[in-house]
Amino acid sequence: MNSRKQQRKKNVSTMRMLGIQLQTARKAAGYTQRSLGQAVLVDEETIASIEQGRRALLVDLARTMDQLLDTKGTLAAGVENLPEIDQFPLYAEQYMVHEREAIALSWYDALVIPGLLQTEPYARAVLCERVPAYDEDELETKTAARIARQEILQRKCPPTMSFIVWEPVLHLDIGGLTVRRAQLRHLRECAELPGLSLQFLPMRTAAHAGLAGPFILLETPDHQHLAYAEGQRGSQWVADPDEVSVMARKYAMLRSQALTPYESKGLLDRLLGDQ
């Protein structure tokens, strides 16, 4: 635990140092926080948070600022050399910052129920499958963090959300039959939430645009379109418009191949009735 705390402390210190570098470069170039935000298409509060070390600087934004402020790659190099933080890899932490603020979220998963729709027992069971295993403290911390993210579902003005899940996920007994049944019931409740669309890609489909693996698309309050994917060798943050466009087209195809939201509710009803 001490090593993780030291690692987190080092990460926070590095973020603060990057924030000071950004502030110095911004002032030298004659920008206010507001004018810099306007120039790089983010709001003033985002610039302030980065400068104060409260928010991670994304590498793509750092590169844009390097060009604008003539800092010759210093900011991007600083971001790329940040150590991993305590609970999550850097890119995952960047994703979760945007997830909290997103106005639209589209999530395709073929391995597990999407994290935002997991019950606590199911989330714990999924995290228990990690190899090598988490120790008990890590397991509890990560489970609590995953469930806490679901706050966005209950907001007064939640983001528009679309989820597509490959049907085999529904048949896996991760955590046992009781956990699975409670998870299916929770999905059925989530399917009724306003602004949330839940669809399942059937097992017997003849077309499958998601064979390359799970991914998430999101739209930020300033209408930037981003994508995020996780694999065996870590997470990938995608901000390049061309790459995001490819993934958005895949998602559109998956929506056409999946059961409709109404048919997906029927599938859940049948699975719950069969148990």
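The values are calculated or read from the model by the stated rules, or taken from the named source; none is laboratory data. Quick caveat: nothing in here was measured; it's all calculated off a predicted structure. When we count neighbours, we look across all protein chains shown, and the Cβ atoms used for this are built from the backbone with ideal geometry, even at glycine.
The rows are residues; the columns are (1) assigned to a strand (DSSP E or B); (2) in contact with a helix residue (DSSP H, G or I) (Cβ under 8 Å, 6 or more places away or on another chain); (3) of a type outside the set (A, V, I, L, M).
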| position | (1), (2), (3) |
| --- | --- |
| 162 | yes, yes, yes |
| 173 | no, yes, yes |
| 187 | no, yes, no |
| 194 | no, no, yes |
| 197 | yes, yes, yes |
| 204 | no, no, yes |
(Q) Against the condition within 18 Å of residue 59 (Cβ to Cβ) and of a type in the set (Gly, Ala, Ser), how does residue 229 come out, does it pass? (A) yes
Q. When you look at residue 96, is it outside any helix (DSSP H, G or I), under 16 Å from residue 227 (Cβ atoms) and outside the structural domain of residue 15 (by TED's automatic domain parsing), yes or no?
A. no
Q: Select, from 144, 182, 212, 133, the only residue that is more than 15 Å from the chain's Cα centre (by Cα), among the small types (Gly, Ala, Ser) and under 25 Å from residue 247 (Cβ atoms).
A: 212
Q: Identify the single condition in (1) of a type in the set (Val, Ile, Thr); (2) modelled with pLDDT of 75 or more; (3) surrounded by 15 or more Cβ atoms within 10 Å (Cβ to Cβ) that residue 32 does not satisfy, given that it satisfies every other one.
A: (3)
Q. Within the group 252, 227, which residue is farther than 14 Å from residue 202 by Cβ, without any contact (Cβ under 8 Å) to a residue 60 or more places away in the chain and outside any helix (DSSP H, G or I)?
A. 227
